[in-house]
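**Student:** Got a structure here, written out as structure tokens. Questions coming.
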Ligand SMILES: [Zn+2]
């Protein structure tokens, strides 16, 4: 069976999908359940229908497009990713896994492949944490990694609950029905741009992910005391921003102190209240992200952060409230899924690098209910979550070909 990928068409679809955006091109902004997101979903569904796939959507908006196998009762082979995009992002993150997954199915259909196991394309809801401050909302729910109670308590920045927002978007079923049984999938494969520099540095077009780093994120509210920037003298101050600054630098020091290049920590949000040049900051909100492929090291940084907060509270007379938004363990790919990808690469004579994913993906949560592996596509300069994110049509075509070949093998 010869697999031919139509890279040009795939690239055209990626560009078309990017036109569903709340930011001017080349930037892409597509927040979950916005009008733009719903229009993009409609476009994807239209493409799936044209490929004769059977479409189902669950209560949180995860979309499943199934190519039924000759033995439809067998656990399916899943593939897919997400199409939501953070503000001012690029056009490849997630989308390559959805449209590339669809093109892989197209290619197998054209090649006359007759799957025994069904092959199912998944578009996960809200991989990005932009709206509800929690990443991988759809895959967390369907893998049972997030309780329905917790999901119901989620609110966006405008105070609207997930239930309200999804109902307004037309997803009205019960969240209790989102979870999938453990034998639903035999294997799940996610095609994704690397979002890092390793493949480019090694001059290799495709990677196979053997493990996904453990992410944690926290929200911290620091309450100090506001006042006039001229009249309150330094010894009397309880400046919430200076407390935040001290915590941020201590976080950096803790991450560096592990001595491992895999430990990373970031303060990505710092909202200062009241935000006036002549007002002492009375309140600061921080959002903090800590990751490592080693759970022990990741948790060491979290503990160091906790200790620092205790010290800063005492020394600066501020109050600190910390909420852990998520603290997930790392995921290991399954040996057999990784081997299947490597074998596909060997047969296609495409060079492939086994590697770790430092970004987390829906596959992190899919690993709780099925065997997973990921196929990475080389990207330019490791740039992602930016409008200048780029992977070449050739490399995306190669990644898609590897995915198609692996799906073909696993679905027999
Ligand atoms: Zn992504």
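**Student:** Given the condition more than 30 Å from residue 182 (Cβ to Cβ) and touching a helix residue (DSSP H, G or I) at 6+ places or on another chain (Cβ under 7 Å), answer yes or no: does some residue in the range 401-408 qualify?
**Tutor:** Yes.
**Student:** I would also like to ask the following. Could you run through the range 338-359 and say how many residues are away from the ligand (no atom under 16 Å from the Cβ), in a loop (DSSP other than H, G, I, E, B) and in contact (Cβ under 8 Å) with a residue 12 or more places away in the chain?
**Tutor:** So the count comes out to 2.
**Student:** Of all residues in the range 217-246, which are modelled with pLDDT of 95 or more, more than 15 Å from residue 284 (Cα to Cα) and in a strand (DSSP E or B)?
**Tutor:** Within the range 217-246, just 228 meets the criteria.
**Student:** Take residue 381 and decide whether it is under 23 Å from residue 261 (Cβ atoms), part of a helix (DSSP H, G or I) and more than 16 Å from the ligand (Cβ to nearest atom).
**Tutor:** The answer is yes for residue 381.
**Student:** Can you find even one residue in the range 130-142 that is within 22 Å of residue 377 (Cβ to Cβ) and surrounded by fewer than 24 Cβ atoms within 10 Å (Cβ to Cβ)?
**Tutor:** No: zero hits.
**Student:** Name every residue in the range 26-61 that is surrounded by fewer than 20 Cβ atoms within 10 Å (Cβ to Cβ), in contact (Cβ under 8 Å) with a residue 60 or more places away in the chain and in a loop (DSSP other than H, G, I, E, B), in order of residue number.
**Tutor:** 26, 27, 31
**Student:** Going by the structure shown, is residue 196 under 22 Å from the mean Cα position of the chain (by Cα), within 16 Å of the ligand (Cβ to nearest atom) and assigned to a loop (DSSP other than H, G, I, E, B)?
**Tutor:** yes
**Student:** Right, something else. Against the condition in contact (Cβ under 8 Å) with a residue 40 or more places away in the chain and more than 28 Å from residue 212 (Cβ to Cβ), how does residue 298 come out, does it pass?
**Tutor:** no
The values are calculated or read from the model by the stated rules, or taken from the named source; none is laboratory data. It should be emphasised that the depicted structure is a prediction, and the values quoted were computed from it without experimental measurement. Don't worry about glycine lacking a Cβ; one is built from the backbone with ideal geometry, like all the others, and counts go over all protein chains shown.
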